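A short write-up of the structure that comes next.
The values are calculated or read from the model by the stated rules, or taken from the named source; none is laboratory data. All figures in this text were calculated on a predicted structure; none of them were measured in a lab. With ideal geometry, Cβ positions are generated from the backbone for all residues, glycine too; neighbour counts draw on all protein chains shown. SASA here: full protein model, heavy atoms, side chains in, ligands and nucleic acids out. Shrake-Rupley method; radii C 1.70, N 1.55, O 1.52, S 1.80 Å.
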Amino acid sequence: MPASRLRRVAVLVREGAKPLDVGIPAQVFTTRASMPYEVRVCGAAPGLVAGGDGLSYHVAQGLEALEWADIVFVPGYRFPDREDPPPAVVDALTAAHDRGARLAAISTGAFALAATGLLDGRRATTHWHYTKALAAKYPAVRVDENVLFVDEGSVLTSAGAASGIDLCLHILRGDLGVAASNHAARRLVAAPYRSGGQAQYVPRSVPEQLGERFAATREWALRRLGEPLTLDVLADHAAVSPRTFSRRFVEDTGYTPMQWVMRARIDAARELLERSQRGVEQIAADVGLGTGANLRLHFQRILGTTPSEYRRTFARAE
């Protein structure tokens, strides 16, 4: 994990805020020895904020917390399509972004980001129930209803509450590396990584038994990344035809089987680069990529950097 200053996270609670959406970034980024983040929960003003689903929030800070933050989360809230956020909230979000803070919305929090104009011309998502409403209210936003989250650099959006966990883990991976993200996922008892491009919900019903079988196959493959993993091998383990396996795998993960295997191998290489002193050739062999040249090629293609540069950024002693 790279040494760095404490990163400051503000969670902006609006009227009607959804409890799970509020709790996700607060819990993922909560301050602990292994997590260089400080979290503050704030509102439009200090005091009691009436939330959704029967809960309210007592926040100690108002919008001044956004002047302090490096990352601002806007959790989802009820009836986002009925009225715009207060001008003071819009101005504070815009000012935070102009200062260099990242803005991240969970679920219907995307409506608040859209109100700033910062999503104009950019891809964004929100809970599937509200994607059409978001597109109608803010036609300049390129709404994608078929993804879990969208990373547009300084502005990020996610779908329903569970995908807020995926978005937070995605941010962690970018900030601290895959080992820290995987550690947080284990603490949350969550999947270590789901593609942002994965569908919010499976377009066709997948029989439960088949879904369980595919999950078991993914776990089986993760323990054998150093071995040959072809489509036929994976389909054989799942006891379905390669064609059925490919089709259902994409629906379940957002990747083709071989894309998923490649990214799993790259993630395994990332963790070894972070946590061991093994050379690139050894790591390439350990994760099933054969040679250092092959590892460098796919590392650059997927992550836009080299293994050596990645190690300099994220390495820590094992």
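What's the ranking of 108-117, 221-230, 21-30, 282-291 by average number of surrounding C-beta atoms within 10 Å, highest first?
Highest to lowest by the protection proxy: 108-117, 21-30, 282-291, 221-230.
Rounded to the nearest 10 Å², what accessible area does H58 have for a 1.4 Å probe in the complete protein model?
150 Å²
From the gyration tensor of the Cα coordinates in the chain, what semi-axes in whole Å does the equivalent ellipsoid have, largest first, with each one equal to sqrt(5λ)?
Computed over the chain, the values are 36, 24, 16 Å.
Averaged over all directions, how much area does the convex hull of the C-alpha atoms of region 76-117 cover when projected, in nm²?
Convex hull of Cα atoms, orientation-averaged projection: 2.7 nm².
Sum -39500 (n - 2.57) across every DSSP H segment of at least 4 residues in the chain, then divide by the residue count to get the 222 nm mean residue ellipticity, nearest 500.
Calculated from helices alone, the mean residue ellipticity at 222 nm is -14000 deg cm²/dmol.
Would you give the gap between the C-alpha center of region 243-318 and the C-alpha center of region 115-156, rounded to a whole Å?
Cα centroid of region 243-318 versus Cα centroid of region 115-156: 30 Å apart.
List the residues, sorted by chain then number, that are 5 or more residues from F73 or on another chain and whose placed amide H is less than 5 Å from its amide H.
A10, V11, L12, A104
Could you work out the mean projected area of the convex hull around the alpha carbons of region 207-317, in square nanometres to one decimal?
7.0 nm²
With 26 Å as the cut-off, how large is the P(r) tail for region 7-187, expressed as percent of Cα-Cα pairs?
Across region 7-187, Cα pairs with separations above 26 Å total 21 percent.
Peptides 155-165, 263-273, 235-245: what's the order by average Cβ count within 10 Å, highest mean first?
Answer by packing, highest mean first, reads 155-165, 263-273, 235-245.
From Cα pairs below 8 angstrom and at least 6 apart in sequence, can you work out the relative contact order of the chain, rounded to a whole percent?
Taking the mean separation of contacting Cα pairs over the length of the chain, I get 13 percent.
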